[in-house]
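The values are calculated or read from the model by the stated rules, or taken from the named source; none is laboratory data. Model, not experiment: these values are computed from the prediction. Virtual Cβ from ideal backbone geometry, glycine too; neighbours counted across all protein chains shown.
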Amino acid sequence: MRTHIENRIYHVELVPPRQESEKLDADLELFATKFARVMESGYCACITDNAMGKLSFQGTEMIEELALVPGPDQVMIHLNTFHTKSDLDGILAACIRLGIRQLLVISGDGSDRLPRLAPADIGVSGVEAVTSVELLGYIAREFPGVFELGVAFNPYEPEEHEFGKLERKLAAGASFVITQPVIGRHPVVDALLSRYPELPVVVEAWMSKKIELLSEAVGYEIKLEAPYDPIGNLKTLHRNHPRCGVYLSILSFKTQYDLLGETWVTGT
Amino acid sequence: MKIVVCVKQVPGTTEARIDPETKRIVREGIAVATNPFDTYAVEEAVKIKEKVGGEVIALSMGPPRAEAVLREAISVGADRGVLLSDRAFGGSDTWATSYALAMAIRKLGNVDLVICGKQAIDGDTAQVGPGIAAQLGWVQATCVMEVSEVEAGAVDGANGGSAGGDGSAGRMVVRRMHEDGHDVCELPLPAVLTVVKDINQPRIPTLRGRLSAGKREIPVWGAADIGADTALVGLSGSPTRVVKTSPPPAREGARLVLDGTARESARALLHELRLRSLA
């Protein structure tokens with residue numbers, strides 16, 4: 001992750017098609033096109049895992065079935081706790097086959113259709129449910145040195161509670177952090193950078209103009225006085241957090257992608 | 001073992017409404033999905049096939065677009081699907097539907113086991129599974145939560161199905177739930193099961209499975225194809241008369257009282273939230 005940040009490599013979120021898609025062929029083609037663009041740009045494609053609990057295809061199967069070609073260290077897979085053990089094993093094995101090293105390990109959002117790992121599945125006892133901490137610990141224990149494990153950090157949660165969680169995640173094997181979307185600057189992100197000066201931190205840039213969706217995503221209401229300008233915010237993030245990487249969520253490939261090339265260079 | 005699993009396309013759970021004139025569920029122009037209980041039936045059928053060998057055939061009755069639920073079943077392991085679709089079937093109640101499905105099962109031939117979801121979430125009658133058993137004259141077990149033993153019949157070739165008519169020398173042992181506990185039942189095959197959610201965790205279709213299922217031919221059978229008496233299907237074959245419908249009373253929010261010290265209560269609350277994936 002440190003190399004990504006130093007080389008100004010954007011992390012571009014890609015969402016696989018939903019299982020319920022009625023235009024699957026078109027969705028697959030669109031995903032493949034976006035993936036190819038991210039690879040050509042030298043950025044890192046970050047593929048979500050049943051985001052918001054919506055049943056979707058897995059990133060690794062998308063790459064394998066569509067014969068996509070990941071560049072070296074250009075793919076990050078989100079991995080949450082809503083899998084069967086055999087599915088988890090399959091995803092990790094596919095990552096190894098495909099040379100995917102970076103995993104963003106999160107608790108995730110469940111749904112009626114999604115199974116959830118049981119503590120016993122990953123050799124854990126004394127906990128009621130598997131969270132990202134237990135999943136991190138399992139991967140770090142079973143695959144030492146194979147993966148680079150990242151975790152989420154939500155600056156909108158009560159600060160000490162969130163830092164407590166982060167400590168447990170770091171102890172379990174996390175080596176980088178991706179924040180929830182930041183608008184301009186957030187004091188808790190500043191505190192994070194101050195407390196962990198050596199920890200690679202990637203701030204998330206919300207690239208949709210629909211700021212109300214961000215409130216839903218982070219679980220807290222975010223109000224702005226002026227209309228939200230995603231590209232303007234991206235430049236502000238670079239200016240305010242020059243030592244951080246940037247993760248782009250809900251990015252428009254039609255209207256925003258071509259503007260990225262010079263954004264990080266100037267940051268103005 | 002030749003297994004038929006019945007699947008139904010139902011309205012999305014938040015969109016179901018009743019036509020005030022016909023008293024029937026409005027199915028046109030709304031999002032649809034596989035009846036959730038049927039996904040457990042498909043999973044159990046596939047698990048049994050994986051254990052003892054044979055074939056799983058997904059069977060549905062509905063309009064042409066209901067073939068989507070058959071493709072979904074194929075994407076998670078069913079070998080093929082058959083859609084019963086014919087204007088003559090329109091307006092069928094649970095008895096007429098059971099008759100049509102039973103006729104299709106007879107036509108498929110040498111079927112050892114039929115598995116259905118406990119009920120469909122649109123009609124909520126839980127009658128079609130038992131209705132199929134009655135139409136076929138087979139034994140049945142409803143609300144099955146576990147299949148613990150399955151023995152296929154003596155003749156169980158690669159093409160599936162057992163020797164002779166609809167009969168089989170196979171047997172199975174199941175556990176069925178009821179309000180006071182559960183029963184362990186031994187059933188001779190052929191038999192009909194209806195299953196509840198506790199029975200398994202349905203697998204999620206892979207992209208490969210989904211793409212493969214999308215290319216499969218789904219035969220469509222009409223009333224004539226299954227030898228159905230048209231007087232016994234559709235409105236004419238349906239003894240049910242809905243004389244009045246009304247919306248159910250609004251559900252009150254659930255209330256959970258946590259006893260103990262503040263620490264114990266907080267721990268119990270966290271436990272409940274985690275079970276609901278809210279913390």
(message) Taking the condition of being β-branched (Val, Ile, Thr), farther than 18 Å from B:Pro190 by Cβ and outside any helix (DSSP H, G or I), how many residues in the range B:87-111 meet it?
(response) 0
(request) Would you mind stating whether A:Val201 is aliphatic (A, V, I, L, M), touching a strand residue (DSSP E or B) at 6+ places or on another chain (Cβ under 8 Å) and free of Cβ contacts under 8 Å to residues at least 60 places away in the same chain? (result) yes
(message) Based on this model, can you work out whether A:Gly108 counts as surrounded by fewer than 19 Cβ atoms within 10 Å (Cβ to Cβ) and more than 22 Å from A:Arg195 (Cα to Cα)?
(response) no
(message) With the structure loaded, tell me whether A:Gly71 is within 14 Å of chain B (Cβ to nearest Cβ) and not hydrophobic (A, V, I, L, M, F, W, C) or whether it fails that test.
(response) no
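Would you confirm whether any residue within the range B:240-251 is in contact with a helix residue (DSSP H, G or I) (Cβ under 9 Å, 6 or more places away or on another chain) and either among the aliphatic types (A, V, I, L, M) or more than 14 Å from chain A (Cβ to nearest Cβ) (or both)?
yes
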(message) Just to check your reading of the model, which residue among A:Val246, A:Val189 is of a type in the set (Val, Ile, Thr) and either under 20 Å from A:Ala45 (Cβ atoms) or surrounded by fewer than 16 Cβ atoms within 10 Å (Cβ to Cβ) (or both)?
(response) A:Val246
(message) Which count do you get for residues in the range A:218-239 that are more than 18 Å from A:His4 (Cα to Cα), of a type outside the set (Val, Ile, Thr), buried (at least 16 other Cβ atoms within 10 Å of the Cβ) and in contact (Cβ under 8 Å) with a residue 40 or more places away in the chain?
(response) 2
(message) For the range A:89-118: of the residues being within 14 Å of chain B (Cβ to nearest Cβ) and in contact (Cβ under 8 Å) with a residue 40 or more places away in the chain, which is farthest from A:Leu136 (Cα to Cα)?
(response) A:Arg113
(message) Testing A:Glu64 on (1) within 13 Å of chain B (Cβ to nearest Cβ); (2) at pLDDT 95 or above; (3) farther than 25 Å from A:Ala26 by Cα, one condition comes back false. Which one is that?
(response) (3)
(request) From (1) more than 9 Å from chain B (Cβ to nearest Cβ); (2) within 23 Å of B:Ala268 (Cβ to Cβ); (3) not in a helix (DSSP H, G or I), pick out the condition that doesn't hold for A:Glu134. (result) (3)
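Here's the yes/no breakdown for (1) at pLDDT 80 or above; (2) within 14 Å of chain A (Cβ to nearest Cβ):
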| site | (1), (2) |
| --- | --- |
| B:Val257 | yes, no |
| B:Ala266 | yes, yes |
| B:His271 | no, yes |
| B:Ala279 | no, yes |
(message) For the range A:11-29, give me each residue that is at pLDDT 95 or above and surrounded by 14 or more Cβ atoms within 10 Å (Cβ to Cβ).
(response) A:His11, A:Val12, A:Glu13, A:Leu14, A:Val15, A:Pro16, A:Pro17, A:Asp27, A:Leu28
(message) Of everything in the range B:199-225, what is in a loop (DSSP other than H, G, I, E, B), aliphatic (A, V, I, L, M), within 20 Å of the chain's Cα centre (by Cα) and at pLDDT 95 or above? Give them in sequence order.
(response) B:Ile218
(message) Looking only at the range A:18-59, count every residue that is part of a helix (DSSP H, G or I) and facing chain B (nearest Cβ under 10 Å) and tell me the total.
(response) 4
(request) Write out, first by first residue and then by second, each pair whose Cβ atoms fall under 7 Å of each other, whose residues are 6+ apart or on separate chains, and whose first residue, in the range B:199-219, is within 15 Å of A:Leu114 (Cα to Cα) and at the interface with another protein chain (Cβ under 7 Å from one of its Cβ atoms) while the second is acidic (Asp, Glu) and surrounded by fewer than 19 Cβ atoms within 10 Å (Cβ to Cβ). (result) B:Thr206/A:Glu61
